[in-house]
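A short write-up of the structure that comes next.
Just so it is clear, none of the values below were taken in a lab; they were calculated from the coordinates. Please read all numbers here as calculations on a predicted model, not as lab measurements. Don't worry about glycine lacking a Cβ; one is built from the backbone with ideal geometry, like all the others, and counts go over all protein chains shown.
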Amino acid sequence: MRRALFSLVLAGLLTAGAARADTTLLNVSYDPTREFYRAINQAFAAAWKAKTGESVTINQSHGGSGKQARSVIDGLEADVVTLALAYDIDAIADHARLLPSDWQARLPDRSTPYTSTIVFLVRTGNPKRITDWGDLARPGLQVITPNPKTSGGARWNYLAAWGWAERTYRGDAAKVRDYIAAVLKNVPVFDSGARGSTNTFVQRRIGDVLLAWENEALLSSRELAEAGVEIVVPSVSILAEPPVAVVDTVAARHGTTAVAEAYLRFLSTPEGQDIAARNFYRPRDPAVAKRFAAQFPPVATFTIDDAFGGWRQAQKLHFDDGGSFDQLQPKR
Amino acid sequence: MPPHRRPVTEPRWMRVTLCLLALGFLTLFLALPLAAVLGQALARGVEPFAAALVTPDTMAAIRLTLLTAAIAVPLNLVFGLAAAWAIAKFRFPLRGLLVTLIDLPFSVSPVVSGLIYVLMFGLQGWLGPTLAAHGIKIIFAVPGIVLATIFVTLPFVARELIPLMEAQGREEEEAAIVLGAGGWRTFLLVTLPNIKWGLLYGVLLCNARAMGEFGAVSVVSGHIRGMTTTIPLHVEILYNEYDFVGAFAVASLLALLALVTLAAKTFLEWVHRDELAAHTR
């Protein structure tokens, strides 16, 4: 018995060692990219092997974007981060100094190789007739969105609603705040990540409308055909730009800087863009975008830079302690 | 011959009601959820169920869980025994404080238990920069998971043994010493036989918790697929990836481990029932 236990421990230790033999990268990412990066990892490993003869294994870690950034700050050894919004990578640069603060200028398209937007997921047939942002404030409606404090997707949701309201009420600050407060009042539960919210809405069947990444909405409406949900595209939405970056200090220590950068640049190649589009992310490459045009309905979008003056400012005004989200949340 | 006296005096309807109530409660809160887990796991037949269990990531999670338990349980066995021995058999200053401290992991939330280690070993924590400079990984790696598990399972053995050893007093040990036995011999021949049942319960419970802990381990794990995910964390990952058969297959494996633990306990009790009856536990 004791010998069996001992050999079990030994076997565990040995296999743990063997898994680390060739080059490995750790990609710390946000919630809904699981399937996407699994496909990217396979394709990149094959491309890298063909190009250099080296084999590379990419490990994945997923969770709410803010929480993942916090883990990297606390020492989770990510060679690359692929998060939901630029502010979370800024936080890593600011608090842990693991990469320079001009990280976003280092890769094409301001380090955002694919985009998405925020759409609505409703029950089949749209029984509550939800067609645009204004409907979300209707009393008695249940709106599902994750917690903006921990989830990147939730922050995009919040700012998309805010941006719509600014346009609709022509900058009348009081009306915008009333609208946002009315929407927040309709949220029965804040999950910590986008995937948790999707499961709440689709699996547990709670709520009338889910505010979701377009990629997440397309994925869940296809993967879960029996789920009985359909997509509603609002009149205007935000251009969500999830960024990617090499974590310099960690990659240098692992000796993986070159392969980590090649990995991120692979996302912008036609092959990488094709995989992004097949996983429901809007590609930057116009040729690829044209081929997948049928999949992505045209939607008018505004950017975070134009509407909110960039992420640092948006974060400070809306999501930091005492920001608009804290002020407008109903006291429960 | 005196007439046979009925052991209970409650009317029959009351006994039946009470039994049904207990059974109904157990069915609702234990049997049905377990059945639901198994049902979901086998929703698409036995083959997908088995296939979900032998994927490399699941196997890695099982290996990590067994490794963690194999380190945490023996350590807490030794610690629990030593602490219970000291507390039950001796009087010393700050004894009350020690008893309270042992209970601490039970009373704090597992999230806090995990954050303690982030504060100590995290890159922004007390020891983090030094550790990073020497290339030592504690949190977001296997050592952190083992540490967090040891922390949350720390009270099980000690808590089981302290009341038992206190109730038994120290007369038998004193007799052994007077008759010329050394400390080690006294422990092996007198103390250990007296407490072996309590010790066994403690170890089994400790093991069940070590394998099943979610909260504290989740905080320090980093959630790297196939590397730092234990079985409970892997269940969450599979569930979040819409792999419901996989999630519930692995969940039923976890439930099975708990059932095996309980079955082992019941079996041992049954085998040694005479001895147990002689001791008052």
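Once the Cα atoms are used to define both axes, helix A:34-52 deviates from the longest principal axis of chain A by about 40 degrees. Backbone geometry of segment A:109-126 corresponds, through the Karplus equation with coefficients 6.51, -1.76 and 1.60 at θ = phi - 60°, to 3J(HN,Hα) couplings of 6, 6, 6, 10, x, 9, 10, 8, 8, 9, 10, 9, 10, 10, 5, 3, x, 6 Hz, x marking Gly and Pro. Shown here for segment A:126-177: trypsin sites (Lys or Arg not before Pro) in loop regions (DSSP other than H, G, I, E, B) with at most 12 other Cβ atoms within 10 Å, namely A:129, A:170.
Sort segment B:45-275 into rounded, prolate or oblate with this rule: let a ≥ b ≥ c be the square roots of the eigenvalues of the Cα gyration tensor; rounded if a/c is under 1.5, and if a/c is not under 1.5, prolate when a/b is larger than b/c, oblate otherwise. Here segment B:45-275 falls in the oblate category. Residues in segment A:301-310 carry Karplus couplings, in order, of 10, 10, 9, 5, 5, 5, 7, 10, x, x Hz; the curve used is 6.51 cos²θ - 1.76 cosθ + 1.60 with θ = phi - 60°, and Gly or Pro positions show x.
Put in line by how crowded their Cβ is, counting other Cβ atoms within 10 Å and starting with the fewest, A:124, A:52, A:198 read A:124, A:52, A:198.
Which of A:144, A:206 has the fewest other C-beta atoms within 10 Å, and how do the rest follow up to the most?
A:206, A:144
Looking at segment B:22-121, which chymotrypsin sites (Phe, Trp or Tyr not before Pro) are in a loop (DSSP not H, G, I, E or B) and have at most 10 other Cβ atoms within 10 Å? Hits after loop and neighbour filter: B:90.
Report the local net charge at residue B:154: Lys and Arg +1, Asp and Glu -1, summed over other residues whose C-beta lies under 14 Å from its C-beta.
Around residue B:154, the charge tally is -1.
In this label model, residue B:34 and residue A:253 are separated by 4.5 nm, measuring between points 7 Å along each Cα→Cβ vector.
Net charge in the neighbourhood of residue A:48 (other residues with Cβ under 14 Å of its Cβ; Lys, Arg +1, Asp, Glu -1) is -2. On the basis of the beta-carbon distance and an R0 of 51 Å, residue A:169 and residue A:223 show a calculated FRET efficiency of 0.85. Applying a DSSP loop filter and a limit of 14 other Cβ atoms within 10 Å to the trypsin sites (Lys or Arg not before Pro) in segment A:95-127 leaves A:97. Against the main long axis of the alpha-carbon atoms of chain A, helix A:86-96 sits at an angle near 50°. Fully extending the segment from residue B:47 to residue B:21, taken as 0.36 nm per residue of separation minus the present Cα-Cα distance, adds 5.6 nm.
Under a 5 Å amide H cut-off, with hydrogens placed 1.01 Å from N, residue A:25 pairs with A:57, A:58, A:59 among residues at least 5 apart or on other chains.
Scanning chain B for helices, which whole DSSP H stretches are 24 Å or more long along the axis (Cα) and average -1.0 or more by Kyte-Doolittle?
Qualifying helices, which must be both long enough and hydrophobic enough, are B:56-89, B:192-212, B:244-271.
Legend: ranking of residues A:95, A:62 from fewest to most surrounding C-beta atoms inside 10 Å; resulting order A:95, A:62.
Helical content of the protein assembly as shown, expressed as a calculated mean residue ellipticity at 222 nm, amounts to -18000 deg cm²/dmol (DSSP H runs of 4 or more residues, -39,500 (n - 2.57) each, divided by residue number, nearest 500).
Cβ-Cβ distance of residue A:181 and residue B:189, R₀ of 51 Å, FRET efficiency by 1/(1 + (r/R0)^6): the value works out to about 0.10. In this calculation the C-beta distance from residue A:46 to residue B:243 is compared with R0 = 35 Å, giving a FRET efficiency of 0.90.
For residue B:268 and residue B:133 in the same chain, what is the full-extension length gain: residue separation times 0.36 nm, less their Cα-Cα distance, in nm? If you can, show how the numbers build up before the last one.
Details: separation 135, 0.36 × 135 = 48.60 nm, distance 4.97 nm.
Net length gain for the segment: 43.6 nm.
Were the residues from residue A:106 through residue A:331 laid out at 0.36 nm apart, the gain over their Cα-Cα distance would be 76.7 nm.
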